[in-house]
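Report on the structure given below.
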Amino acid sequence: MRYAPPTASRRWPGVDTIAMSEATIAKLCPVGGGRRARALLRLASFFTVAAVLPLGGCGVLDHGMLGAAGPVADQTRSLFLIVCMILIFVVGPVLVLTPIFAWHYRLSNTKSAYRPQWGFNWPLEGLIWIPPVIIVVVLAVFLWRDTHRLDPYRPLASSYPPIEVQVVALDWKWLFIYPDDGVASVNKLVIPSGRPVHLSLTSATVMQSFFIPQLAGQIYAMAGMTTQQNLAADAPGTYRGENMQFNGMGFQNQKFPVVSETTDDYRAWLAQARASGKTLDMAAFQTLSARSVQAVPSQFGAIAPNLFQSIVALSDPGMHAAHGPEHR
């Protein structure tokens, strides 16, 4: 479809309103007043568009922490909003008092008192020091409490046992192993909604950062060791996961969907994965770990015993990856 420039019948309503307003002003106002009024109208229109235009990107917030879909992200969002409200008491006085002081002490104001020898005032000193101390103490209380409450190693309280998932970071994909169910998937994490999930993470290459903004915070995956994260999804849905640590040419494509399903749908997915007929052993892992971007998720219906532990124990995890000039 070719682009057609806007015609009189296709103009934006706001543009028509501005044009009509300018025409009206030109008729009703004298030459000088009309010119000034038109300038003010254009200035008001500019600020209106500048204020409304950023709202077009607000949908992006739904994919981040502010669109929390689990208990961990919800607590993180609550802490963030509390900190923002507290910091208003820091930013607010600065934004209000700066123009007031600039206006009061302007060069043309000859009525203000000139006190070159002034050096100390108890009320002013109290105003300068006491509120900041109170703000720091309040912030420290909230941060201390929520830092321990949001510890990624801390299990989530639930009447259901957690789903165990072992996560392996590769270039440029993610491997998810379900040891209790004997299946694995690449570039797709499927979990049951309303049930805690315990992740054990490692890397078979360079350090990477595992991040599902709507469910939990970032956690690093590093070769030769394991880190942990606990998360849960409140309801069925699809969320975005990604690597936040730059690791080469395919970094921008290292994203994966996180699918939260009902218990019945989750069991059906496990049955489908087992029916794939593919087995993930060390030989298959060596092939999978070659540096590449996998656009379509894949599944394995069986996994070799202790495969995750074998990956963690690799003496040189990067040796099995195919090296090329584009990765240097």
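A short reminder: the numbers here are calculations on the coordinates, not readings from a lab. In this text, all values refer to a predicted model and were calculated from it rather than measured experimentally. Counting neighbours? That spans all protein chains shown, and the Cβs are built from the backbone with ideal geometry, glycine included.
The orientation-averaged projection of the convex hull spanning the C-alpha atoms of region 184-328 amounts to 8.5 square nanometres. Summary of packing: across the peptides 123-129, 70-76, 211-217, the per-residue average of other C-beta atoms within 10 Å ranks them, highest first, as 211-217, 70-76, 123-129. The three principal axes of the C-alpha atoms in region 125-207 carry coordinate ranges of 66, 37, 16 Å, sorted with the longest axis first. Packing, taken as the mean count of other beta carbons within 10 Å per residue, orders the peptides 242-248, 150-156 from highest to lowest as 242-248, 150-156. The 3J(HN,Hα) values that the Karplus relation (6.51, -1.76, 1.60; θ = phi - 60°) gives for region 220-231 are, in residue order, 7, 10, 10, 5, x, 8, 10, 10, 10, 8, 10, 8 Hz. Gly and Pro appear as x.
For the listed peptides 268-279, 101-112, a ranking on the average number of other beta carbons within 10 Å per residue, highest first, reads 268-279, 101-112. The local environment of H104, defined by Cβ-Cβ distances under 14 Å, has a net charge of +3 under the rule Lys, Arg +1 and Asp, Glu -1.
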